[in-house]
Amino acid sequence: MDIKMRILVVGGGGREHAIAAALSKNTNTELYCVMAKKNPGIAKLCREVLIHPETDAEAVVAFAKQHNILYAVMGPEAPLASGVSDALTAVGIGCVGPSKNAARIETDKGFCRSLMQKHKIDGCPAYKLCQTPEEAAEYIRAYPGDLAVKPTGLTGGKGVKVMGEQVDREGAVEYAMTLKNQTIILEERLLGEEFTLMAFVDGKTLVPMPLVQDHKRAFDGDKGPNTGGMGSYTLADHKFPFVTDADYAAAFSIMQATVDALAKEGCPYKGVLYGQFMNTATGPKVIEYNARFGDPEAMNVLTLLESDFVTIAEHIIAGTLSAKDVSFANKATVCKYIVPQDYPDNPHAGDKITVGAHENTILYYANVVEENGVLKTQTSRTMAFVGVGSTLADAEAAAETACRNVSGNVRHRTDVGTEALFAKRIAHMKELRG
């Protein structure tokens, strides 16, 4: 007699491998997955997988019904944007992942800013919505300071150009002119230190996860183009020295107010809410929200999760979540992504890679294929190692050693989680606040 809970994971990246690994710790579960490309790490944890576009709601629902799926956990943003969560809910399958309407908090930056403004939510930077590239170009030329130029839709974390960082004023104008057939959002450039606060949300209650800091730039020293994220770290106390208790309380309050506002707008939010904040001289401002776990950040926090993820999922779906349901180990983590040598601009696929010794780390597969037991790169981020230790230094050393023990035409950022980079972040915050 089959008494196992059948759970569906939607998505096939490093984040989804971490989700599947966390769910599989509950031995009373049987995992299934729909993913566009086969992730060998996820496939090993699943009873059955469907290799198919994750955005095809009809196919996802058919697969879920065929296998009597009880719950689904959504990974990436694209299936949320295409209404996969709504389609599953409509046939009685509980979903950890917001409805298409609620996911607009990520998928439509204009909606996000308008919601914050309408409900007088703190932390909203000054912004302007422009309907055409020409309107944006005119505003950029006339604006006295620096701006962040963003398309309002999904960009995989790579669509933002910041004046004074990646582009000058003329470069910002040129970039805006390439953004045809979509609204453009221009925001004041925020100066400070970024941090990520993610929370489990059941429609009204938020339960926070450890603070994480991601590293978007491709190369050491925060150089090069933006990527989906090259690595991230957490500290053993789940906080950061450059985020005061008052900053943390403000960020959490902003997220709670946002969830309350979505409920008032008739689209209650259930799933994981990711708040990306810039901690400025005057406190945290919202850079953006994501309607799901971050990638790489999911790998840090889910590695630390001590509670049963399946039980948390049940409480999210039932609307009965409370802080007592969630606990994380008091350890530090450092996640480092292995990527193709010329990622992100010109990555080469099909190169053989060999994983070496990786003690005190967890390995999560991402955009990698396995052919006859041989791992080969694809064009996106390949795999990630999460080092775990009692201190940041221990966790970083474990992750760095594991990365160096990978052979092949790949690279990684060596500075993620290092004391030197960490000290730089602290000094920067002190300088901003005098």
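Every number here is computed from the coordinates shown, using simple stated rules; none is lab data. From a predicted model like this one, the values you see are computed outputs, not experimental measurements. Using ideal geometry, Cβ is built from the backbone for each residue, glycine included, and neighbour counts are taken over all protein chains shown.
Which whole-angstrom value gives the distance between the alpha carbon centres of the stretch 352-402 and the stretch 91-156? So the two Cα centres are separated by 34 Å.
Just order 365-371, 207-213 by mean Cβ neighbour count inside 10 Å, highest at the front, would you? Walk me through the numbers before you get to the answer.
Working: 365-371: 19.3, 207-213: 22.9.
The packing order, highest mean first, is 207-213, 365-371.
Among the chymotrypsin sites (Phe, Trp or Tyr not before Pro) in the stretch 139-198, none sits in a DSSP loop with a Cβ that has at most 11 other Cβ atoms within 10 Å. Rounded to 0.05, the FRET efficiency of the Thr132 and Glu419 pair, given R0 = 41 Å and the Cβ-Cβ distance, is 0.30.
Taking 0.36 nm per residue of separation and subtracting the Cα-Cα distance, full extension of the segment from Lys430 to Phe252 would add 61.9 nm. Summing Cβ point charges (Lys, Arg +1; Asp, Glu -1) relative to the Cα centre of the chain gives a dipole of roughly 280 debye.
Can you classify the stretch 167-270 as rounded, prolate or oblate using the Cα gyration tensor, where a ≥ b ≥ c are the square roots of its eigenvalues, rounded means a/c under 1.5, and otherwise it's prolate if a/b beats b/c and oblate if not? Mind showing how you got there, number by number?
Details: a/c = 2.24, a/b = 1.27, b/c = 1.76.
It is oblate, given that a/c is not under 1.5 and a/b is not larger than b/c.
Using unit Cβ charges (K, R positive; D, E negative) and no other charged atoms, how large, in debye to the nearest 20, is the dipole of the stretch 1-158 about its Cα centre?
On the way: 19 positive and 16 negative charges, 68 e Å.
Using Cβ point charges on Lys, Arg, Asp and Glu, the stretch 1-158 gives about 320 debye.
Distance from the C-alpha centroid of the stretch 310-347 to that of the stretch 1-68: 16 Å, rounded to the whole angstrom. Here the relative contact order of the chain, from alpha carbon pairs under 8 Å that lie six or more residues apart, stands at 16 percent. Nearest 5 percent is fine: what portion of the DSSP beta bridges confined to the chain is antiparallel? Just about 75 percent of them are antiparallel. Multiplying the sequence separation of Gln182 and Ser407 by 0.36 nm and subtracting their Cα-Cα distance, what value in nm do you get? Fully extending the segment from Gln182 to Ser407 adds 76.8 nm. Please list, by residue number, everything in the stretch 393-434 whose backbone N is under 12 Å from a paramagnetic label point 7 Å out along Cα→Cβ of Gln341. From the stretch 393-434, the list is 408-411. Computed from label points 7 Å out along Cα-Cβ, the spacing between Asn360 and Asp222 is 2.7 nm. Label positions at Thr391 and Lys4, each projected 7 Å from the Cα along the C-beta direction, are separated by 4.2 nm. Largest first and in whole Å, the equivalent-ellipsoid semi-axes of the stretch 62-148 read 38, 14, 9, each the square root of five times a Cα gyration tensor eigenvalue. The alpha carbon centroids of the stretch 269-301 and the stretch 183-203 are separated by 6 Å. With R₀ fixed at 25 Å, the C-beta to C-beta distance from His348 to Glu165 puts the FRET efficiency at about 0.35. With an a/c value of 1.5 or above and a/b not larger than b/c for the gyration tensor axes a ≥ b ≥ c computed over the alpha-carbon atoms, the stretch 132-182 is described as oblate.
The ellipsoid that matches the Cα gyration tensor of the stretch 26-108 has semi-axes, each √(5λ) in whole angstrom, of 21, 14, 12, with the longest given first.
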